[in-house]
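Worksheet: one structure, shown below.
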Amino acid sequence: MKRGDKEAVELSKYVSEFLDGYAELYLTGSVHTLKSYRLALALYLEYLEDGKDVHFRNFSKKCFEKPFLEDWIKWLKEVRNASNSTINVRLGSLRRFIKYLSERKPEYLYLYSEAKSVELLKTEKHKIEGLTKDAISAILDAVDTSTKSGKFYFTLIVFLYATGARLDEALSLKTENLHLDDVHPHATIVGKGAKARTVYLLKEAADYLDKYKDIFLKSERADGYFFFSRNGGSKAKLSQTAVQKALHKYAAIAHEAYNDVPLDLHAHQFRHARASHWLDEGINIVQISHLLGHESLEVTMRYLDISIEMEAKALLAIQSDEDRTTMPKWINPDGTLKAACGL
């Protein structure tokens, strides 16, 4: 096998393995994020073929260098008519794959360094619509807790707001990761990149979770999902679509009583509300960043629209105190570049 062919096979294999194993296992359980990775790579390979005349025989690490990435951004803008915010999402997904590449072989390290230096496009900032404490109370009041389904979703909403967890983190929570009988009740939440963090629970929230266990988990194993699918039991993960459908239902009821409740309510708004309320309650942003599982303080600052001055004060305060049996498509390099990479 020629050197060029060998490199093309290797890169194609990495694309396939990243999408069909690594991303879901180590990066995210979110269906939407996994789709975003897949779409970004599909678009990039399409650009290489259509815009740069790159095919399997000349597919090499050079194709992931900075000039190609910057030209891809132009291609997305001019050929695909993508918005700046969409392009930034695609670039973020491609960067994550390039980081994966850089972790596989030392000769790919420079690619990730170059990818990080590619500038994001300017976008108009859209703030997440906030939920006041009164709005959250109205949403909880809208849930009919006389029914089993109502008790289920009431507890899920309490957990989302009490912990500031992402929806997928809440739905991935195992019963054994909830420690309600400890002196300080807490949840061990596994976030992005399989990173675990501890979030302590107020007594009222812990009591609701304890009652939920008595109703729903008496005969279920500790290694099962805490918020599970009613059809499959604790071994079956509840879908985000089912949660979103329930939230829209409760939002419509709550909106009638309190019109500040958005009709397009989504789970992430509980996370954002919790972070904002933590800030109002005097918790500094460094601690909030940890509780949210953000990779950096800068992410939390953007998330909460925090100024540099507020960050400096916080820092000063801290200083003082697919089927796995199917043959991977990259083995057969016939056809298009996307097909060779399993896309």
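The values are calculated or read from the model by the stated rules, or taken from the named source; none is laboratory data. If you're wondering where the values come from, they're calculated on a predicted model, not measured in any experiment. Glycine gets a Cβ as well: all are built from the backbone with ideal geometry, and neighbour counts include every protein chain shown.
Being under 30 Å from residue 223 (Cα atoms), at pLDDT below 90 and part of a helix (DSSP H, G or I), is that true of even one residue in segment 148-156?
no
Residues are listed down the side, and each one gets a yes or a no for (1) among the hydrophobic types (A, V, I, L, M, F, W, C); (2) surrounded by fewer than 21 Cβ atoms within 10 Å (Cβ to Cβ):
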position	(1), (2)
143	yes, no
157	yes, no
170	yes, no
175	no, yes
196	yes, yes
223	no, yes
234	no, yes
239	no, yes
